[in-house]
Amino acid sequence: MATIKVKQVRSRIRRPRNQKLNLDALGLKKVNQVVELQDTPQIRGMVYKVRHLVEVVE
């Protein structure tokens, strides 16, 4: 299955709890951290919820 790389580009400070939980579920803890995840609709949905805090790295 295909994978995507997700990078956290903005801080989680002063964000709603659900956005922090989405970052945790994606495996992102620090700014500029990059994780490689499987490209599934569930992962895409989590990335969409925090799209202002992360970017998909090619």
Could you tell me whether any residue of segment 30-44 is open to solvent by 40 Å² or more (accessible area, probe 1.4 Å), aliphatic (A, V, I, L, M) and out of contact with any helix residue (DSSP H, G or I) (no Cβ under 9 Å at 6 or more places or on another chain)? yes
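Name the strands (runs of 3 or more DSSP E) wholly within the chain that hold at least 2 residues that are in contact with an Asp or Glu (Cβ under 9 Å, 6 or more places away or on another chain) and not polar (S, T, N, Q)?
3-8
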If the Cβ limit is 8 Å and pairs must be 6+ apart or interchain, which residue in segment 22-41 that is in contact (Cβ under 8 Å) with a residue 24 or more places away in the chain and closer than 15 Å to I4 by Cβ pairs with which residue that is open to solvent by 70 Å² or more (accessible area, probe 1.4 Å) and β-branched (V, I, T)? E36/T3; L37/T3; Q38/T3; D39/T3
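For segment 18-29, which residues satisfy the criterion of being among the small types (G, A, S) and either touching a Leu at 6+ places or on another chain (Cβ under 9 Å) or surrounded by 16 or more Cβ atoms within 10 Å (Cβ to Cβ) (or both)? Even if it seems obvious, please write down each step before you answer.
Initially, segment 18-29 is screened for residues among the small types (G, A, S), giving 25, 27.
Passing the criteria: only G27.
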With the condition kept exactly as written, say whether any residue in segment 10-17 is in contact with a strand residue (DSSP E or B) (Cβ under 8 Å, 6 or more places away or on another chain) and polar (S, T, N, Q). no
Just for segment 1-17: of the residues that are open to solvent by 100 Å² or more (accessible area, probe 1.4 Å) and modelled with pLDDT of 95 or more, which one is nearest to E55 (Cα to Cα)? R10
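The values are calculated or read from the model by the stated rules, or taken from the named source; none is laboratory data. What you see is a predicted model, and the numbers here were worked out from it, not measured in a lab. Ideal geometry is used to build each Cβ from the backbone, glycine not excepted, and the neighbour counts take in all protein chains shown. When the accessible area is computed, the model is the full protein with side chains, heavy atoms only, and any ligands, DNA or RNA have been set aside. Shrake-Rupley method; radii C 1.70, N 1.55, O 1.52, S 1.80 Å.
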